[in-house]
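Heads up: the structure comes next, in structure tokens.
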């Protein structure tokens, strides 16, 4: 039998050693993770250390996203973002953030999600006339109504 055929049929011994080593490494890593119950305080502490690391690395955009409000439910950290720009930044740093949170919290199944909440834009009409301005101010400040009646003030309408 030619040497090439013998080598092709022979099982490489190095592969079995490598695969066993990688299995043992994965087992020890998963054993070091205890999957504790997540609460907002633990996540806040972990995020604060991550924010400090990001500030040291001058990742200011990522820091601004991580400072947004968040909630913790089961094994999920849910951020509330306020716009598409924050969404883009968050999408870029999400894999790294998920890995860092899993490492800091020693929790394998932590997942990071987000939701964009648009701020309500107030549909106020433009105040062109003096009457509109007066009515708007009277609604906004009841004390103005009292001053108006007490001192007998009249508006030039």
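In whole Å, how far is the Cα centre of the range 84-104 from that of the range 34-72? Here the answer is 10 Å between Cα centres.
Sorting the segments 94-107, 137-150 by their residues' average number of neighbouring beta-carbon atoms within 10 angstrom, most packed first, yields 94-107, 137-150. Between residue 42 and residue 64, take the C-beta separation as r, use R0 = 25 Å, and let me know the FRET efficiency to the nearest 0.05. Given R0 = 25 Å and the Cβ-Cβ separation, E is 0.65. Site pair residue 118 and residue 84 shows an inter-label distance of 1.1 nm when each label is modelled 7 Å from Cα along Cα→Cβ.
Subtracting the Cα-Cα distance of residue 55 and residue 151 from 0.36 nm times their residue separation leaves 28.9 nm of extension gain. Oblate is the label for the range 37-116, because a/c, from the alpha-carbon gyration tensor with a ≥ b ≥ c as root eigenvalues, is 1.5 or above and a/b does not exceed b/c.
Read-outs: derived from the displayed coordinates by stated rules, not from any lab. Predicted, not measured: the structure shown is a model, and the values here were computed from it. Heads up, the Cβs are rebuilt from the backbone with ideal geometry, glycines too, and the neighbour counts pull from every protein chain shown.
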